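Participant: Submitted below is the structure of interest, expressed as structure tokens.
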Protein chains: 2
Amino acid sequence: MDSAVLWQLSYGMYAIGVSDNGRPCGCIVNTVTQVTAENPVIALNVNKQNYTYDVMMRTGAFSVSILTEQARPEAIGALGFASGRDQDKFQNLDYALTADGLPILKEGTCGFITCKVISTMEMETHVVVLARVQDAFKGADGVPMTYRYYHEVVKGRAPKNAPTYQAQSEEVSQPEQGPGKYVCDRCGYTFEGDFSQTLADFTCPLCGASRGHFKKQG
Amino acid sequence: MDSAVLWQLSYGMYAIGVSDNGRPCGCIVNTVTQVTAENPVIALNVNKQNYTYDVMMRTGAFSVSILTEQARPEAIGALGFASGRDQDKFQNLDYALTADGLPILKEGTCGFITCKVISTMEMETHVVVLARVQDAFKGADGVPMTYRYYHEVVKGRAPKNAPTYQAQSEEVSQPEQGPGKYVCDRCGYTFEGDFSQTLADFTCPLCGASRGHFKKQG
């Protein structure tokens, strides 16, 4: 089987928002599809270990913010690569709360959908969630970001929990030192300065990757 | 609810192939997603009234051909807008059969996936089908066609069975007459010649739309 063929499937990029006892929480997914045209239902695929999925199952409600090509890589990194179990992923993002307390991402998005979970279909690692659309409303103008655009233009990676994750060899080498730009190869976060001045236990502020994940650019 | 927001979800374009007692049959879908990364499972959304779905449930097997931007609108029309219940949709297409007898579309495609159905989740009009990938192999080079590209560049429409179908007022007027190009507003098929010379019961050879669906171009 040539599993690279599966990379040719087309997806969008979406920020999922849930309310964890009033605390905004969420994640990035690429697999949201419409199932029925009338009284619309959508499906999304999510990893069972994802904290956002836990909250979604507990509360039965979530929002979808449709990302555009204007979405900042840092916003995708903040929502996509860290776990909301331990930290407030929305703290540095421009967001609003719906009447139901669901966070929606106001920056780099062109539309929002709020949903109630109907049912789930579990596979080994992931779950397909079916949800009834409660409301849908427009955001700013913008071209929806495709997953291909994210990979090829934004140069983003798939986090380990993604259905589309492909294992890569873990880098544990020390990055070059000296002043410059150091880019996290896991989420794209850029550190500017002298990397040798960072603490030994420095980790990526977006995704928590160890210092070995940082590569000097240029 | 502003249901136009749902049009901002991103999809690809795929030809589904099934074997109807040895006869190749299939349809076009836009909703194929990967569910699990290891031992991959995919999901697709399909209309219950779709004949391809009948055959898929009876045989438990289907193929996915990933369409590229080079796919001919006529090939999409042939598979997407007619029903395989009554006609051989593959008759004018360049296709091959897998070892299991599943048709795959050789023209305008960059990859193929063969699958066995695991389970289904039924909604009012549509079903989410979960299927285990049996094999995946590359086709010709090409950029996968997105649903957006199909709408904006190919100027294609959604057939009535699509999850993403939006009702449009049915045109019953007679088209202009005289020599020229006449385009079916349902599937994009182009008739060239003097439309007034066609038979009164002329229907679109691709999708079966009545003559009132043809508009003179230019």
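The values are calculated or read from the model by the stated rules, or taken from the named source; none is laboratory data. These numbers were taken from a predicted model, which means no experiment stands behind them. Because the Cβ atoms are built from the backbone with ideal geometry, glycine has one as well, and the counts that use them run over all protein chains shown. For the accessible areas, the whole protein counts, side chains as well, though only heavy atoms, and no ligand, DNA or RNA atoms are used. Shrake-Rupley method; radii C 1.70, N 1.55, O 1.52, S 1.80 Å.
Participant: Skip the ligands, DNA and RNA, and give the accessible area per residue of chain A with a 1.4 Å probe, whole Å².
Facilitator: Result: 43 Å² of accessible area for each residue.
Participant: A further question on this structure: Express the carbon and sulfur contribution to the solvent-accessible surface of the stretch B:25-137 as a percent, rounded to the nearest whole number, probe 1.4 angstrom.
Facilitator: Ligands and nucleic acids excluded, carbon and sulfur give 44 percent.
Participant: For B:38-47, what's the mean count of beta carbons from other chains sitting within 10 Å of each residue's beta carbon?
Facilitator: Mean partner shielding for this stretch: 5.
Participant: Students often check this: by mean Cβ neighbours within 10 Å, which of A:1-8, B:192-199 ranks highest, and how do the rest follow?
Facilitator: Per-residue mean Cβ counts within 10 Å order the peptides as A:1-8, B:192-199.
Participant: Using a 7 Å offset from the Cα along the Cα-to-Cβ direction at both B:Arg72 and A:Asp100, what is the distance between the two label points in nm, to one decimal?
Facilitator: 4.7 nm
Participant: How many partner chain Cβ atoms sit within 10 Å of a residue's Cβ in peptide A:94-107, on average, as a whole number?
Facilitator: 0
Participant: As a quick test, which of the pairs A:Lys48/B:Lys89; A:Lys155/B:Lys138; A:Lys155/B:Lys89; A:Lys138/B:Lys138 have an alpha carbon distance above 29 angstrom in this structure?
Facilitator: Exceeds cut-off: A:Lys48/B:Lys89; A:Lys155/B:Lys89; A:Lys138/B:Lys138.
Participant: What is the distance in Å between the Cα centroid of the stretch A:63-108 and that of the stretch B:39-62?
Facilitator: Between the Cα centre of the stretch A:63-108 and that of the stretch B:39-62, the gap is 35 Å.
Participant: Could you tell me which residue out of B:Gln91, A:Gln134, A:Ile66 lies farthest along the dipole of the protein assembly as shown toward its positive end? Charges go on the beta carbon: Lys and Arg +1, Asp and Glu -1, centred on the Cα centre.
Facilitator: Farthest towards the positive end: A:Gln134.
Participant: Same structure, new question: Net charge near B:Lys48: determine it from the other residues with C-beta under 11 Å of the C-beta of B:Lys48, scoring Lys and Arg +1 and Asp and Glu -1.
Facilitator: It works out to a net charge of -3.
Participant: By how many nm would the segment from B:Gln49 to B:Thr198 grow when fully extended, if each residue of separation counts as 0.36 nm and the alpha-carbon distance is taken off?
Facilitator: 50.5 nm
Participant: Below 8 Å, C-alpha to C-alpha, sequence gap of six or more: please give me the relative contact order for chain B in percent.
Facilitator: Dividing the mean separation by the residue count of chain B yields 21 percent.
Participant: Along Cα→Cβ, 7 Å out, is where each label goes; now give me the distance between the ones at A:Gln87 and A:Asp141 in nm to one decimal.
Facilitator: Here the answer is 3.6 nm between the modelled labels.
Participant: Further question on the same structure: Below 8 Å between Cα atoms, with a sequence gap of 6+, how large is the relative contact order for the stretch B:43-143 in percent?
Facilitator: 36 percent.
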